[in-house]
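Let me begin by presenting the structure, written as C-alpha cells, before commenting on it.
We did not get these values from a lab; they are worked out from the coordinates using the rules stated. Keep in mind that this is a model prediction, so the values were computed, not measured. With ideal geometry, Cβ positions are generated from the backbone for all residues, glycine too; neighbour counts draw on all protein chains shown.
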Amino acid sequence: MARVLAVGTAVPEFRYEQKALRARCAAAFAGTEADGREGLFDRAGVETRALVEAPDYYFAGVPFAKRNADYFPHAERLARRALLSALEQAGVGISELTHLFSVTTTGLLTPSLDAHLAQSLPFRRTLKRTPLFGVGCAGGAVALSRAFEYLRGHPEETVAVLSVELCSLTFLPRDGTMTQLVAAALFGDGAACAVLCGERAMGLPDGAAGLSRAFLKRHGNLSSASVLFILKDALARPARPGSWGLLAALGPGFALEALLLRES
C-alpha cells in the first residue's frame with residue numbers, strides 16, 4: 001500500500017472572470033456553429049480561471065508551433081512550483097525521490113518535461129522517470145494508479161506524481177464548433193504534484209463531489225491536474241480514520257480511471 005504525504009499546486013499569476021472570457025468568445029465565434037450559444041459559459045459552473053497568457057494572445061490566431069513552443073517555459077515554471085511545494089509540505093528532500101511520474105496532454109515536448117526537470121533540479125542521478133501523454137482528464141488518476149502499483153513492489157521508496165496542463169494553449173479562436181465552445185467555457189491552466197511513500201493508503205473524505213464543484217468554480221477544468229488539486233483539498237479536511245473515498249476521473253472516449261482510498 002502507499003500513503004500520500006502531500007500535494008502541491010501552482011496556477012498562473014493572472015486570473016480572469018468567466019463573464020469577460022464569455023464576451024471575447026462570443027465575438028470570436030460570431031457566424032459559426034457556436035454563434036449565440038455562449039450561454040454555456042453561465043452553466044459551466046466556472047467563475048474564474050488562471051491562464052498563462054493574456055486574453056489577447058488567445059484571440060490573435062497564434063499558430064500551433066508558437067503555442068507549443070510557449071508551452072515549455074510556462075510548464076517548467078509551474079511544475080517547479082508545484083513539485084517544490086509538495087516536497088516542502090511533505091518534509092522530503094528532492095534527492096530522496098526515486099521515481100517521477102509525469103503527465104500532460106496539452107504540450108508536445110521531446111525530451112519530455114520530466115527529463116528537463118531531472119537536468120535542472122538536484123534529483124538523484126538514478127532517478128527513474130515515467131512520462132505519460134494523451135490520457136486527457138483521466139491522466140492524474142492514471143499516474144496515481146501507476147505510482148501506487150510501483151510502490152506496492154518498492155515499499156521503501158518515495159515517489160512523486162506531477163501533472164502540468166496548459167489547456168488554454170490548445171484554444172482555436174477560428175474553430176467555431178461546439179467542441180471548441182465547450183472547451184473555451186471549461187478549461188484553465190495549472191500544475192499539481194503529489195508525493196507518496198510506500199506505506200498505507202490515505203484517501204478522500206465524504207463529500208468529494210462538493211470539493212470537485214468548489215475546485216471547478218475557482219479553476220475550471222485543468223484536465224489531468226484536476227484530481228491532484230482536489231486531492232490536496234481533501235487532505236486538508238478532517239476525516240474519520242478508516243473511512244473510504246473514491247478518486248475517479250473520466251478520460252477520452254469516456255474512459256474511467258478510479259482509485260479506492262482509505263483514511264489512515
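Other residues with beta-carbon under 15 Å from the beta-carbon of Gly91 carry, at +1 per Lys or Arg and -1 per Asp or Glu, a net charge of -2. Qualifying trypsin sites (Lys or Arg not before Pro) in segment 99-138, where qualification requires a DSSP coil assignment and no more than 16 other C-beta atoms within 10 Å, comprise Arg124, Arg125. Packing order of peptides 2-15, 52-65, 94-107, 167-180, highest average first: 94-107, 2-15, 167-180, 52-65 (average count of other Cβ atoms within 10 Å over each peptide's residues). Taking 7 Å steps out from each Cα toward its Cβ at Asp42 and Arg174 produces label points 3.1 nm apart. Each of Pro131, Phe171, Val161 was scored by the projection of its Cα onto the charge dipole of segment 3-262, and the greatest displacement toward the positive side belongs to Val161; charges sit on the C-beta of Lys, Arg, Asp and Glu.
The count of lysine pairs in the chain with alpha-carbon distances below 30 Å, taking only pairs 8 or more places apart or on different chains, stands at 6. Once C-alpha pairs closer than 8 Å and six or more residues apart are averaged by separation and normalised to the residue number of the chain, the relative contact order reads 29 percent. Based on alpha carbons, the Rg and Dmax found for the chain are 18.4, 59 Å.
Counting every pair of alpha carbons in segment 47-167, the share spaced more than 24 Å apart comes to 30 percent. Calculated FRET efficiency, Leu246 to Lys19, Cβ-Cβ distance, R0 = 41 Å: about 0.75 to the nearest 0.05.
The coefficient of translational diffusion for segment 105-203, derived via Stokes-Einstein from the alpha carbon Kirkwood radius under 37 °C and 0.692 mPa s, stands at 211 µm²/s. The value given for segment 148-264 is a Kirkwood hydrodynamic radius of 15.8 Å, derived from the mean inverse Cα-Cα separation.
The order of Val159, Val92, going from fewest to most other C-beta atoms within 10 Å of their C-beta, is Val92, Val159.
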